[in-house]
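Visitor: Okay, handing you the structure first.
The values are calculated or read from the model by the stated rules, or taken from the named source; none is laboratory data. All values derive from a computational prediction rather than experimental measurement. Reconstructed Cβ throughout: ideal geometry from the backbone, glycine too, with neighbour counts over all protein chains shown.
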Amino acid sequence: MKHGIIATFTLALVSLSAQAEDQACGTVRLADPGWSDIAATNALTGAVLGALGYTSKVETLAVPIIYGGMRNGQVDAFLGNWMPAQQAHYDQFVKTGQVTELAQNLVGTEFTLAVPTYVWEGGVKSFADLAKHADQFGKKIYGIGAGAPANQSLQKIIQDNEFGLGSWQLVESSEQAMLSQVGRAVKRDKWVVFLGWTPHPMNVDYPIKYLTGGDKYFGTAGTVNTLTRNGYAEQCPNPARLLTNMKFTLDMENAVMSAARDKGGSYDAAAKAWLKAHPQVLEPWLQGVTTRDGQPGLPAVQQAL
């Protein structure tokens with residue numbers, strides 16, 4: 001009788017422990033630096049998580065805060081570790097074991113300075129061509145939010161007078177404000193140089209060209225990684241398995257971003273619509289993944305969508 005009571009008590013403790021773990025993993029805390037591509041991948045992830053019975057919570061934070069949040073356990077995952085643009089943050093947090101690299105989620109990215117096509121045709125095809133046309137550019141480079149690794153690279157270029165840009169100014173602002181400036185310049189055929197990248201609707205919205213010669217700071221074709229706080233995969237293996245499985249493509253992200261813009265900025269609606277139209281991506285994403293209550297994941301997501 002005594003052993004039966006102990007066994008029952010032990011089972012109850014195990015059950016309570018499982019419930020506590022499930023409760024902690026029920027909300028997946030994602031981060032977004034305010035970039036359209038990460039809004040798209042977060043929305044795709046959130047749609048699948050929701051169909052599995054999880055909740056995704058997205059916090060909009062500056063890149064350094066995101067890494068600090070993962071280190072401190074306040075952010076579960078970040079789908080936007082652009083490499084090599086974020087090499088310094090990667091070295092500081094991932095290589096030192098403070099943050100975990102879970103998987104690579106995208107290949108073939110480009111992230112460097114860009115100009116409208118008419119500027120490129122006017123003779124600015126590389127970083128080395130910028131200084132020759134300083135007056136036409138107003139000696140300004142338009143970047144993204146303060147603290148972004150790409151901005152830090154541009155600040156170093158200016159500080160070290162690389163490419164003769166020592167007297168230039170980096171204008172830091174949000175992605176949306178930067179692209180508004182580009183849009184105004186393009187309408188007036190003005191010269192402008194700015195941070196450009198793919199995937200992003202800017203490649204469809206504006207006729208742009210990427211400058212060569214900045215490989216030392218921005219690399220060539222890059223990748224994007226999914227990072228997590230340390231211990232996340234051990235504590236929450238099921239959502240972590242989904243995050244590991246999720247791979248994106250340039251076309252996929254560009255399509256979701258363009259659709260979100262057309263839908264008034266609703267990334268959630270655009271992501272769900274894209275998944276409904278491309279159900280073939282779900283099988284590899286959901287391999288080995290269950291719903292929150294342990295049922296097969298693939299049919300649950302297919303039915304929800």
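Visitor: If K125 meets every condition in (1) within 19 Å of P33 (Cα to Cα); (2) in contact with a strand residue (DSSP E or B) (Cβ under 8 Å, 6 or more places away or on another chain); (3) not polar (S, T, N, Q) apart from one, which number is that one?
Guide: For K125, the exception is condition (1).
Visitor: From the list G73, G108, G123, which one is touching a Lys or Arg at 6+ places or on another chain (Cβ under 6 Å), at positive phi and surrounded by fewer than 16 Cβ atoms within 10 Å (Cβ to Cβ)?
Guide: G73
Visitor: Could you tell me whether R261 is assigned by TED's automatic domain parsing to the domain that holds S56 and either hydrophobic (A, V, I, L, M, F, W, C) or touching a Gly at 6+ places or on another chain (Cβ under 8 Å) (or both)?
Guide: Considered against the rule, which asks whether it is assigned by TED's automatic domain parsing to the domain that holds S56 and either hydrophobic (A, V, I, L, M, F, W, C) or touching a Gly at 6+ places or on another chain (Cβ under 8 Å) (or both), R261 comes out as no.
Visitor: A further question follows. Could you check the range 157-175 and list, in sequence order, the residues that are among the polar types (S, T, N, Q), surrounded by 13 or more Cβ atoms within 10 Å (Cβ to Cβ) and over 16 Å from G138 (Cβ atoms)?
Guide: S174
Visitor: Then there is this: Among the numbered conditions (1) within 29 Å of the chain's Cα centre (by Cα); (2) on the phi > 0 side of the Ramachandran plot, tell me where S153 comes up short.
Guide: The number of the failed condition is (2).
Visitor: Does the range 102-122 include one or more residues that are out of contact with any helix residue (DSSP H, G or I) (no Cβ under 7 Å at 6 or more places or on another chain), of a type in the set (A, V, I, L, M) and closer than 18 Å to F78 by Cα?
Guide: Checked the range 102-122: at least one residue is out of contact with any helix residue (DSSP H, G or I) (no Cβ under 7 Å at 6 or more places or on another chain), of a type in the set (A, V, I, L, M) and closer than 18 Å to F78 by Cα.
Visitor: Also: Quick one: would you say A40 is surrounded by 24 or more Cβ atoms within 10 Å (Cβ to Cβ) and either assigned by TED's automatic domain parsing to the domain that holds Q176 or over 16 Å from R241 (Cα atoms) (or both)?
Guide: In short, yes.
Visitor: Next up: May I ask you to say which residue of Q152, Q136 is modelled with pLDDT of 95 or more and either part of a loop (DSSP other than H, G, I, E, B) or of a type outside the set (G, A, S) (or both)?
Guide: It is Q136.
Visitor: Then there is this: When you check V186 against the structure, is it modelled with pLDDT of 95 or more, out of contact with any helix residue (DSSP H, G or I) (no Cβ under 6 Å at 6 or more places or on another chain), farther than 21 Å from Y90 by Cβ and crowded, with 21+ Cβ neighbours inside 10 Å, yes or no?
Guide: no
Visitor: Then there's this: I'm trying to understand the selection: among the residues of the range 223-258, which are of a type in the set (G, A, S) and surrounded by 22 or more Cβ atoms within 10 Å (Cβ to Cβ)?
Guide: A240
Visitor: While we're on this one: Return yes when L195 is more than 18 Å from N105 (Cα to Cα) and crowded, with 19+ Cβ neighbours inside 10 Å and no when it is not.
Guide: yes
Visitor: Are there strands (runs of 3 or more DSSP E) fully within the range 19-125 with at least 1 residues that are more than 14 Å from the chain's Cα centre (by Cα) and under 26 Å from Q287 (Cβ atoms)? List them.
Guide: 27-32, 55-60, 99-116
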